[in-house]
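Beneath this line is the structure, given in structure tokens, with notes to follow.
The values are calculated or read from the model by the stated rules, or taken from the named source; none is laboratory data. Quick caveat, the model's predicted, so the values are computed rather than measured. A quick note on method: Cβ atoms are made from the backbone with ideal geometry, for glycine too, and the neighbour counts reach across all protein chains shown.
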């Protein structure tokens, strides 16, 4: 009998009060599970690759089957081949690149402006309690207003041209980016700031040599997340009224029931998004090498 | 006197209640002295150090360094906290250079000073490593070298080896003792480890709890030239035991009060 088993003869040292307890039931050990179904377990390179291929191949296969079986009319769901042909056609005529460039330009201006405004404000909010008290109430309200609801107002104020589109992008991303940057900056450990003062750093030096470098990888991460939002907003802005851009191309194709073109543009939008993400990820890894 | 605390008290407000961390602390640290402050948790010893560092302001009393009142943090009081205060994006040598980069000295001068302090703390071969690549003990070496490079009037050590394993801790104790003798700097160290305090200090001050007051001030009558073997010497053991008795009595009184007072 194990020394811990209840019911064993009480010795001088064991405390009374456990006499009536039966033995604690033991559950059988669970069998071994595959790493694929084990929480946080690393999986083999092979399984990772297979799953990644499947995640793209299965929807593609479903698409092919749906079209080939004729369940969905090709006017609604064009075949992959038709989409590719439409894409090549738009590329050859040059309209694809003109549209792409128009869209990219708007993102560069609108989101660039949002980053230029939100990063400094976010740093001020995360560094000074006064900055937080000043900006946070307003920004917390504004970020809940859907940017697309501003479109009519922006058109009234700025007309149908570029400014209203850039303003929509700006409104859609600036508030979130500010709050995310301020969170990152607030994450700089207090002891790191304190020790910098004891090494002789003044306020401005603490900001420049401690707070900003410590926050940089997190700021790039915030920009990466919000770049996806910017990419969404620009297409929404172009759906409303424009003469070029990927969003415009979608609306125009709709008028002529060119679903193959719509699909081709959607694929281009997705690929560009992935490209932006990869570039910002590389930048993040470069500035954040020290985070390991 | 290098450093002088007279009648220093500190209260913290937490909601409606006010907690008294330190009360009427008088302390004098002579130039070149190695003073260790020991006390159980709740004795306000870390508060004491952050007041001397200028990171917090005493509620009453005065702290002076070379006769001038301490009003804020500065490089004349270099601080080594318990852990995790290196700049993670800077290499070892650039961590050590941080304080020097803020001063109008030539790059050659700065490099020479960094080299000396890296060699003094045994870090020369790790100079290009990032903090995350170092062990806990090596990280604390960098923190010590970084504070020393600013040539502080007083080096403040806030339980700097509290997070280290016993063997590393002893290496670090030998290192700090050697650094103290090599640089002649004044050291004020806070620790809960009485053995460490007796091994390192020329004097040991015991803080009482609730609120922190000076309960005992004991001169360590051991030879200046100490190695780890001295920790087994009867004189060392006797001194350690008598100080531990004081700390334990304080801790018991603190626990009893906490239970009775329902804090």
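Structure summary
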item	result
Subset of segment A:238-292 (residues that are touching a residue at least 60 places away in the same chain (Cβ under 8 Å), under 19 Å from the mean Cα position of the chain (by Cα) and either more than 22 Å from residue A:77 (Cβ to Cβ) or within 14 Å of chain B (Cβ to nearest Cβ) (or both))	A:272, A:280, A:283, A:284, A:287, A:288
Selection count, segment A:240-259, where residues are more than 21 Å from residue A:148 (Cα to Cα), touching a helix residue (DSSP H, G or I) at 6+ places or on another chain (Cβ under 8 Å) and not in a helix (DSSP H, G or I)	1
Residues of segment B:120-132 that turn out to be in a loop (DSSP other than H, G, I, E, B) and either over 23 Å from residue B:186 (Cα atoms) or within 14 Å of chain A (Cβ to nearest Cβ) (or both), as a count	4
All positions within segment B:159-200 that are modelled with pLDDT of 95 or more and within 14 Å of chain A (Cβ to nearest Cβ)	B:188
Residue match in segment A:122-142 (condition: free of Cβ contacts under 8 Å to residues at least 60 places away in the same chain, crowded, with 16+ Cβ neighbours inside 10 Å, within 23 Å of the chain's Cα centre (by Cα) and closer than 23 Å to residue A:246 by Cα)	no
Helices (runs of 4 or more DSSP H) within segment A:134-231 that include 1 or more residues within 30 Å of residue B:147 (Cα to Cα)	A:162-186, A:190-198, A:203-206
Verdict on residue A:195 being within 14 Å of another protein chain (Cβ to nearest Cβ) and buried (at least 19 other Cβ atoms within 10 Å of the Cβ)	yes
Selected residue [within 14 Å of chain A (Cβ to nearest Cβ) and crowded, with 19+ Cβ neighbours inside 10 Å] from B:27, B:5, B:49	B:49
Test for residue B:37: is it at pLDDT 95 or above, away from chain A (no Cβ under 14 Å) and surrounded by 20 or more Cβ atoms within 10 Å (Cβ to Cβ)	yes
Members of segment B:91-110 that are in contact (Cβ under 8 Å) with a residue 40 or more places away in the chain and within 8 Å of chain A (Cβ to nearest Cβ)	B:98, B:99
Selected residue (criterion: surrounded by the most Cβ atoms within 10 Å (Cβ to Cβ)) from residues of segment B:66-83 that are without any contact (Cβ under 8 Å) to a residue 40 or more places away in the chain and at the interface with chain A (Cβ under 9 Å from one of its Cβ atoms)	B:73
Test result for residue B:256, modelled with pLDDT under 90 and in contact with a helix residue (DSSP H, G or I) (Cβ under 7 Å, 6 or more places away or on another chain)	no
Residue within segment A:241-260 that is exposed (fewer than 14 other Cβ atoms within 10 Å of the Cβ) and under 15 Å from residue A:96 (Cα atoms) present	yes
